[in-house]
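Undergrad: I am attaching a structure below and will ask some questions about it afterwards.
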Amino acid sequence: MLPAWIIVIGVFIGAMIWTFVISMTNSRLIPIYKFNFFDQYVRLMGNDGWLVSVGNLVVFGVLFIAICLVLGFLMAIMMDQKIRGESLFRTIFLYPYAMSFVVTGLVWQWVLNPTFGIQATVRGWGFDTFVFDWIVRPDRAIFVLVLAAVWQGSGLVMAILLAGLRGVDEDLWKATKVDGIAKWRVYTSIVLPIIAPMAATATVLLSVAVVKAYDLVVALTGGGPGNATEVPAKFVMENLFERQNVALANAGAIMMLAAVVIVATPIYYARRSMAQKAAG
Amino acid sequence: MNRIQRALSGVAAVAICAAMSGTANAQPTEVIHWWTSKAESAGIKVIADAFNQGGGEWKDEAVAGSSAAKTAAINRIVGGNAPDVAQFSMGADINNLVESGLLANLDAVAAAGNWSKIVPASVMSAISRDGHVYAVPVQLQATNFLFASKAALDKVGATMPKTWDEFFATGDKLRAAGIVPYAQAGDRDVWFMNTFGAVLASVGGAEGWKQFTGPKGAEYVRSDAFKPVAEILAKLPKYADSGVSGRQWNVTNQMILKGEAGFFIMGGWAIGEIVASGKKPGEDVLCSIGPNNAPAVVNGDVWAMPAKGGNLTEAQKKIAELTTSVEVQTKFTTAMGSLPIRSGVDASGYNACAAAGASAIEKGNSVSALMIPFSPEKVGAIGAEMKVLWAKADAKPEDYVKALAGVLEKY
């Protein structure tokens, strides 16, 4: 285990500490160790770009995680009905997750672009008043982002929850059948609590994906229209590589890390206590 | 930190020397740059060939994408394993490297090559810090070309506009004919900044530009002189189509090539794309610098030469001399479709659009693009504000004034 520990401490924790140290300086293009402590964090909190991107992320995150969990659960239940061609469906549902968003995001962008995508095509068929321009509407573009992210992420949730469903004891089903309980009741009141740790795992994975959301935004909307789909990760990348603002970018990165910790820690403990309860 | 870094790089240098002893003379010259497209590779090959013919050994380290290439170069410079030459954008890009004493002083090469006479003054100031030269100018680009589709203009019986009023009048006709009057690229903030620069240069002229970039920029933005600029900025989005957001510049350029759109504001790099599509600049695609022969808004690229043991190495000196020579500049800029950084370059090989840019610079009718006097942070903030206002359907001229004055005061 020693090499593993060296990697964990040296690479992961070391990089984290370094990021934090740099966020305490006024480094611009290259690291310069002149400390001004929490100045960058104060600047970050007063930066409209950052505040807008955090607000966007909250909307995106809540919708994305909720829809993914519901949709993934429904798909998993569907797959659990011993349907024909299950492995084919599984592959199809999981396929988006295996694809890079840089590639598919670009295709999505073209499909949704009103001047040559769906809108233009349908209008070409003679429906002149057809409008589907969410991607260029500042008040709707965030939903396009959710749509594309759900398309990618729900397959993963399905796979995780399906594994959970397969672990449910067959006898349970027989017992509920004898008692004459409706199937949907069994799923919501009996099965769901049993696979709750699985759902918690899926939620953590989705939350991390939300905080990290970058490639999707860059490929799909470029943060636009205006700043309607700007996200913290993009803010960090921009300040790191384009605006020569390394310290501010690292302060943003630390804030993102804090967000992940705040979201993941309660889920982690809830999961552990659930596991203990199940075991005891 | 500096001392630690020097100590570290010293150790690294000793280690490398120890490893290389015996073959010390055969060290290749590493050049990091981001010129990877077809025309660009042809351009960089001109310099590489000239260097190799002079007995050097050019080691090409192309990294796709400017920010990735800059990051690669910075990481290696800071890490003590600096390349011999690295490409950067002209202007504030190199400030931090110069301040930290990481770049070699090029005063001797500049004096020997008589740069102060042959290189435009604005370029000289962009590569100098405190009176010392720290970068080799490689090429210039005019960023404010107004391109127009000849086919689209013919359809409505219009010619290239000479004023913004004519521009908008032609725009109305184009729209009536079912053509998008104005195409705007929208995937990056910088395209909105670029369009803003074009409008400012054409309305405010060199004088307005000087005031905007000067210490009293915010005052100028709030003055009456700036009003027409803000009015055009507020009017322009209404002449564009709805597909701007997220659209790459080359896709937008296609709209002009296909005659789907009338006008397009973009830098000289679009000319290469026009030629590559088999269209002729100046005939199929018309071009002018702003609608009213505005000053060319010029940016460019430079070689930064990381300091190696205090002095400029022979190889670095050689590349600096070659890059700024008439011969290499002529061949290089013709291949790249860009503009030379010095006088005396034969422009006969240039296409009509590039020639227009070259003559504007030659006549002194040019200003330095915003990324030269402004920090990347400030330029980025301007682009972000312009992008937000573009997407706001009811944005008024006053909103532009407020946003721009805000950025100038804050950064």
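Undergrad: Name the residues in segment B:88-110 that are in contact with a Gly (Cβ under 9 Å, 6 or more places away or on another chain) and either at pLDDT below 90 or within 11 Å of another protein chain (Cβ to nearest Cβ) (or both), would you?
TA: Passing the criteria: B:S89, B:G91.
Undergrad: Starting from segment B:388-401, keep only residues that are within 14 Å of another protein chain (Cβ to nearest Cβ), then list their pairs with residues that are open to solvent by 40 Å² or more (accessible area, probe 1.4 Å) and at pLDDT 95 or above whose Cβ atoms are within a distance under 7 Å, requiring at least 6 positions of separation or different chains.
TA: The qualifying pairs are B:L389/B:D399.
Undergrad: Let me ask another. Scan segment A:16-29 and give yes if some residue there is part of a helix (DSSP H, G or I), surrounded by fewer than 13 Cβ atoms within 10 Å (Cβ to Cβ) and either over 19 Å from the mean Cα position of the chain (by Cα) or modelled with pLDDT under 90 (or both), otherwise no.
TA: Our first condition is that a residue be part of a helix (DSSP H, G or I); within segment A:16-29, this holds for A:16-23.
Checking which are surrounded by fewer than 13 Cβ atoms within 10 Å (Cβ to Cβ) leaves us with A:17-18.
Narrowing further to those that are either over 19 Å from the mean Cα position of the chain (by Cα) or modelled with pLDDT under 90 (or both): A:17-18.
Among the residues of segment A:16-29, at least one is part of a helix (DSSP H, G or I), surrounded by fewer than 13 Cβ atoms within 10 Å (Cβ to Cβ) and either over 19 Å from the mean Cα position of the chain (by Cα) or modelled with pLDDT under 90 (or both), which makes the answer yes.
Undergrad: Restricting attention to segment B:78-87, and to residues there that are under 20 Å from B:S128 (Cβ atoms) and either surrounded by fewer than 17 Cβ atoms within 10 Å (Cβ to Cβ) or of a type in the set (A, V, I, L, M, F, W, C) (or both), which single residue is nearest to the other protein chains (Cβ to nearest Cβ)? Give the steps one after another, and end with the answer.
TA: Start the filter on segment B:78-87 by keeping residues that are under 20 Å from B:S128 (Cβ atoms), which leaves B:85-87.
Next, from what is left, pick out any that are either surrounded by fewer than 17 Cβ atoms within 10 Å (Cβ to Cβ) or of a type in the set (A, V, I, L, M, F, W, C) (or both): B:85-86.
Details: B:V85: 18, B:A86: 13 Å.
The extreme case among them is B:A86.
Undergrad: Among the numbered criteria (1) in contact with a helix residue (DSSP H, G or I) (Cβ under 6 Å, 6 or more places away or on another chain); (2) hydrophobic (A, V, I, L, M, F, W, C); (3) assigned to a helix (DSSP H, G or I), which single criterion is violated by A:M78?
TA: Looking at each condition in turn, A:M78 falls short on (1).
Undergrad: Select the helices (runs of 4 or more DSSP H) contained entirely in segment B:220-276, then report the ones holding at least 2 residues which are within 14 Å of another protein chain (Cβ to nearest Cβ) and under 23 Å from B:V297 (Cα atoms). Outline the logic, then answer.
TA: Working: elements: B:227-235, B:249-257, B:269-276.
It comes to B:249-257.
Undergrad: Taking segment B:88-140 as the region of interest, how many residues are closer than 24 Å to A:R243 by Cβ, surrounded by 17 or more Cβ atoms within 10 Å (Cβ to Cβ), in contact (Cβ under 8 Å) with a residue 60 or more places away in the chain and not polar (S, T, N, Q)?
TA: 17
Undergrad: Related question: Just checking, which of A:G124, A:G167 is of a type in the set (G, A, S), open to solvent by less than 70 Å² (accessible area, probe 1.4 Å) and farther than 18 Å from A:M79 by Cα?
TA: Numbers: A:G167 fails: farther than 18 Å from A:M79 by Cα.
Going through A:G124, A:G167 in turn, just one is of a type in the set (G, A, S), open to solvent by less than 70 Å² (accessible area, probe 1.4 Å) and farther than 18 Å from A:M79 by Cα: A:G124.
Undergrad: Consider B:I341 carefully, then state whether it is under 30 Å from A:I30 (Cβ atoms), in contact with a Leu (Cβ under 9 Å, 6 or more places away or on another chain) and in the same structural domain as B:D224 (by TED's automatic domain parsing).
TA: Details: under 30 Å from A:I30 (Cβ atoms): yes; in contact with a Leu (Cβ under 9 Å, 6 or more places away or on another chain): yes; in the same structural domain as B:D224 (by TED's automatic domain parsing): no.
Taking the combined requirement at face value, the residue does not satisfy it.
Undergrad: Which members of segment A:44-66 meet the condition of being under 22 Å from B:G380 (Cα atoms) and surrounded by fewer than 16 Cβ atoms within 10 Å (Cβ to Cβ)? Give the steps one after another, and end with the answer.
TA: Going residue by residue through segment A:44-66, those that are under 22 Å from B:G380 (Cα atoms) are A:44-57.
Result: A:M45, A:G46, A:D48, A:L51, A:G55.
Undergrad: When you scan segment B:119-128, do you find a residue that is among the polar types (S, T, N, Q) and within 14 Å of chain A (Cβ to nearest Cβ), even just one?
TA: Narrowing segment B:119-128 to residues among the polar types (S, T, N, Q): B:122, B:125, B:128.
Filter once more, keeping what is within 14 Å of chain A (Cβ to nearest Cβ): none.
No: zero hits.
Undergrad: Test B:G208 against the stated conditions and say whether it is open to solvent by less than 20 Å² (accessible area, probe 1.4 Å), in contact (Cβ under 8 Å) with a residue 12 or more places away in the chain and part of a loop (DSSP other than H, G, I, E, B).
TA: Details: open to solvent by less than 20 Å² (accessible area, probe 1.4 Å): yes; in contact (Cβ under 8 Å) with a residue 12 or more places away in the chain: yes; part of a loop (DSSP other than H, G, I, E, B): no.
Considered against the rule, which asks whether it is open to solvent by less than 20 Å² (accessible area, probe 1.4 Å), in contact (Cβ under 8 Å) with a residue 12 or more places away in the chain and part of a loop (DSSP other than H, G, I, E, B), B:G208 comes out as no.
Undergrad: Considering every residue within segment A:212-222, establish whether at least one is open to solvent by less than 20 Å² (accessible area, probe 1.4 Å), at the interface with another protein chain (Cβ under 9 Å from one of its Cβ atoms), of a type in the set (V, I, T) and touching a residue at least 24 places away in the same chain (Cβ under 8 Å).
TA: Scanning segment A:212-222, I find at least one residue that is open to solvent by less than 20 Å² (accessible area, probe 1.4 Å), at the interface with another protein chain (Cβ under 9 Å from one of its Cβ atoms), of a type in the set (V, I, T) and touching a residue at least 24 places away in the same chain (Cβ under 8 Å), so the answer is yes.
Undergrad: Testing A:W151 on (1) under 19 Å from A:A219 (Cβ atoms); (2) within 14 Å of chain B (Cβ to nearest Cβ); (3) open to solvent by 60 Å² or more (accessible area, probe 1.4 Å), one condition comes back false. Which one is that?
TA: (2)
Undergrad: Name the one entry in B:E314, B:E385 that is more than 20 Å from B:M90 (Cβ to Cβ), within 14 Å of another protein chain (Cβ to nearest Cβ) and over 19 Å from the mean Cα position of the chain (by Cα). Steps first, please.
TA: Working: B:E314 fails: within 14 Å of another protein chain (Cβ to nearest Cβ).
Result of the check over B:E314, B:E385: B:E385.
Undergrad: Just to be sure I understand, how many residues within segment A:232-257 are free of Cβ contacts under 8 Å to residues at least 40 places away in the same chain, closer than 18 Å to A:A15 by Cβ and open to solvent by 40 Å² or more (accessible area, probe 1.4 Å)?
TA: The qualifying residues number 3.
Undergrad: Are there any pairs with C-beta distances below 7 angstrom linking a residue in segment B:255-284 that is free of Cβ contacts under 8 Å to residues at least 12 places away in the same chain to a residue that is buried (at least 24 other Cβ atoms within 10 Å of the Cβ), with the two at least 6 apart or on different chains, and if so which?
TA: As it stands, the answer is none, since no pair meets every condition given.
Undergrad: Ok, one more. Enumerate the pairs (first residue in segment B:332-349 and without any contact (Cβ under 8 Å) to a residue 60 or more places away in the chain and farther than 20 Å from B:A126 by Cα; second residue anywhere and of a type in the set (S, T, Y) and outside any loop (DSSP other than H, G, I, E, B)) with beta-carbon separation below 8 Å, excluding pairs fewer than 6 apart on the same chain, so at least 6 apart or on different chains.
TA: These pairs meet every condition: B:V345/B:T330; B:V345/B:T333; B:D346/B:T330; B:A347/B:S359; B:G349/B:T330; B:G349/B:T334.
Undergrad: Also, I was wondering about something else. So which residues in segment A:81-93 are open to solvent by less than 60 Å² (accessible area, probe 1.4 Å) and either assigned to a helix (DSSP H, G or I) or not β-branched (V, I, T) (or both), if there are any at all?
TA: First pass over segment A:81-93, keeping only residues open to solvent by less than 60 Å² (accessible area, probe 1.4 Å): A:83, A:85-86, A:93.
Passing the criteria: A:G85, A:E86, A:F93.
Undergrad: What are the residue pairs meeting all of these: first residue in segment A:120-149, first residue over 22 Å from A:L106 (Cβ atoms), second residue open to solvent by less than 50 Å² (accessible area, probe 1.4 Å) and among the β-branched types (V, I, T), Cβ atoms under 7 Å, and 6 or more apart or on different chains?
TA: Here the result reads A:F130/A:V122, each pair linking segment A:120-149 to a residue that is open to solvent by less than 50 Å² (accessible area, probe 1.4 Å) and among the β-branched types (V, I, T).
Undergrad: Okay, next question. In this structure, is B:A352 at pLDDT below 90, assigned by TED's automatic domain parsing to the domain that holds B:D187 and open to solvent by 10 Å² or more (accessible area, probe 1.4 Å)? First the steps, then the outcome.
TA: Values: at pLDDT below 90: yes; assigned by TED's automatic domain parsing to the domain that holds B:D187: no; open to solvent by 10 Å² or more (accessible area, probe 1.4 Å): yes.
So B:A352 does not fit the description; no.
Undergrad: Hey, any hits in segment B:175-185 for a residue that's within 24 Å of B:W35 (Cα to Cα) and open to solvent by less than 40 Å² (accessible area, probe 1.4 Å)? Steps first, answer last, please.
TA: Applying the first criterion (within 24 Å of B:W35 (Cα to Cα)) to segment B:175-185 yields B:185.
Okay, now just the ones that are also open to solvent by less than 40 Å² (accessible area, probe 1.4 Å), so B:185.
Checked against the condition, which is being within 24 Å of B:W35 (Cα to Cα) and open to solvent by less than 40 Å² (accessible area, probe 1.4 Å), segment B:175-185 yields at least one hit.
Undergrad: Among all residue pairs at least 6 apart or on different chains, which show Cβ distances below 6 Å where the first residue, located in segment B:43-72, is within 14 Å of chain A (Cβ to nearest Cβ) and the second is part of a helix (DSSP H, G or I) and surrounded by fewer than 19 Cβ atoms within 10 Å (Cβ to Cβ)?
TA: B:V63/B:A72
The values are calculated or read from the model by the stated rules, or taken from the named source; none is laboratory data. These numbers were taken from a predicted model, which means no experiment stands behind them. Cβ atoms come from the backbone with ideal geometry, glycine included; neighbour counts cover every protein chain shown. Ligands, DNA and RNA are stripped out before the accessible areas are found, and what is left, the full protein with its side chains, is counted by its heavy atoms. Shrake-Rupley method; radii C 1.70, N 1.55, O 1.52, S 1.80 Å.
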